[in-house]
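Okay, so here's the structure we're looking at.
Taken together, the values in this text are just the output of simple stated rules run on the coordinates, not laboratory data. Quantities reported herein were computed from a predicted structural model and do not represent experimental measurements. With ideal geometry, Cβ positions are generated from the backbone for all residues, glycine too; neighbour counts draw on all protein chains shown.
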Amino acid sequence: MRHRIAVVGGGPAGLTFARVLHRHGHPAAVFERDPAPDARPPGGTLDLHEGLGQVALEKAGLLAEFQALSRPEGQAMRILDVDGTVLRDWRPRPDERANPEIDRGQLRDLLLGPLDVQWGRGVTRVVPGTRDGVLVHFADGRQETFDLVIGADGAWSRIRPAVSSVTPHYTGVTSVETSLDDVDTRHPGLARLIGDGSVAAYGVNRSLGAQRNSGGHVKVYAKFRASPDWHAGLDLADVEAVRSSLLGLFDGWAAPVLDLLRHGTAFVHRPLYALPVSHTWAHVPGVTLLGDAAHLMPPLGAGANLAMLEGAELAESIATGPGDLDEAVRAFEEQMWARAGRWAKITTAGLERLVSPDPAEALALFDQVQPS
């Protein structure tokens with residue numbers, strides 16, 4: 001097998017695909033629009049599930065290295081009432097490995113390994129069905145052709161229009177993210193509140209949570225139901241103005257919980273978008289999608305796991321299959337659509353319950369997923 005394969009996007013999906021293909025001795029060209037691996041903050045921590053992301057890492061030959069880097073203690077979860085009362089305080093067993101946490105930056109570096117990613121190579125569009133294969137148009141004006149182009153370029157994929165006219169829709173929920181650094185030294189009270197993993201409090205149509213990363217870094221997430229233009233008149237670059245607006249939204253909540261916002265640094269606006277639960281497309285020879293490009297869903301722990309497993313499965317199928325590239329891709333898509341559809345239903349329903357008019361719904365969901 002010496003197919004010309006391009007992967008657009010250097011996130012978990014694209015890198016896992018390329019790494020598994022590399023393990024089988026086959027190359028893939030990986031194109032990433034960011035100019036370097038550390039060009040922007042990599043984001044928070046991920047919990048990789050035993051039956052999803054960890055399977056992908058095993059296929060890539062990286063499971064042992066992941067286990068050495070991951071934080072099983074990060075699975076801990078504490079639920080608070082808005083008055084600060086502890087409602088649930090779940091802590092994993094010492095041998096619990098179902099969903100250990102790893103920082104996104106650490107996972108990226110683990111997957112990169114020997115891969116030769118072409119940084120600063122943004123793709124504007126692809127044209128399937130040309131005489132020489134799939135034509136890839138790059139932002140720098142260059143063009144190249146490939147036998148297969150894999151769109152692993154996220155929510156606003158430039159590859160998706162080649163197979164589907166569907167675009168993401170706003171879920172009605174917005175997330176605003178901030179961070180705390182050196183939390184154990186600078187904010188010991190908050191460090192105790194957060195514990196080894198995550199803490200969350202749920203109110204009417206809003207939630208406030210924090211998740212521990214490695215090195216004393218904490219990500220804080222304020223989520224609330226609002227119209228897309230909720231910030232009209234608010235300068236999102238004005239840290240104190242955003243802080244004041246958020247504190248107003250959570251007025252009346254316990255002071256220790258609100259300290260998560262009071263001590264936050266910069267604020268990042270992240271409205272939550274999703275693709276339709278049953279998003280599929282008519283198969284297009286030479287082009288397919290992975291991860292958020294294929295099935296963007298609410299961020300409740302499934303997206304990166306699915307993306308990685310999809311990348312690993314497709315790479316393995318191409319590398320070890322009978323040799324018909326198009327048939328391998330077609331079979332993969334059918335399998336991906338069925339599994340992603342199930343998870344999209346779960347995460348869509350989960351978001352409805354976690355940011356709900358009835359905060360008891362969030363607690364009930366926690367008890368279903370993680371019984372006390």
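Roughly speaking, what is the stretch gain from SER244 to ARG270, that is 0.36 nm per residue apart minus the C-alpha to C-alpha distance, in nm to one decimal?
Value of the extension gain: 7.6 nm.
Please give the charge dipole size of the stretch 1-117, origin at the Cα centre, charges +1 on K and R Cβ atoms and -1 on D and E Cβ atoms. Round to the nearest 20 debye.
520 debye
In Å and whole numbers, how far do the C-alpha atoms of the stretch 1-125 stretch along each principal axis, longest first?
57, 29, 21
I need the peptides 283-290, 125-132 ranked by packing, meaning the mean over residues of other C-beta atoms within 10 angstrom, with the highest value on top.
So the peptides 283-290, 125-132, ranked by packing, come out 283-290, 125-132.
Can you list residues from other chains, or at least 5 along the same chain, whose modelled amide H is less than 5 Å from the amide H of GLY321?
none
For the chain, what does the relative contact order come out to in percent, with C-alpha contacts under 8 Å and a separation of six or more?
After rounding, I find 23 percent.
Could you give the length gained on full extension between ASP181 and ASP81, defined as 0.36 nm per residue of separation minus the Cα-Cα distance, in nm?
Stretched out fully, the ASP181 to ASP81 stretch lengthens by 33.5 nm.
Taking +1 at the Cβ of each Lys and Arg and -1 at the Cβ of each Asp and Glu, which of HIS279, ILE346, LEU180 sits farthest along the dipole of the chain towards its positive end, judged by Cα position relative to the Cα centre?
About the Cα centre, the residue reaching furthest to the positive side is HIS279.
Hey, can you list the DSSP H helices of the chain whose Cα span along the axis is 18 Å or longer and whose average Kyte-Doolittle score is at least 1.6?
Flagged H segments: there are none.
What number, in nm² with one decimal, is the all-direction average of the projected area of the convex hull of the alpha-carbon atoms of the chain?
Spelled out: convex hull of the Cα atoms, projected over all directions, averaged, 18.4 nm².
Please list the radius of gyration and Dmax for the stretch 190-290, considering alpha-carbon atoms only, with Å as the unit.
Expressed in Å, the Cα Rg and Dmax of the stretch 190-290 come to 17.7, 57.
Working out 0.36 nm times the residue gap between ARG91 and GLN368, then minus their Cα-Cα distance, what length gain in nm do you get to one decimal?
In short, 98.2 nm is gained.
Around ARG160, under 14 Å between beta carbons, what's the net of Lys plus Arg minus Asp minus Glu among the other residues?
-1
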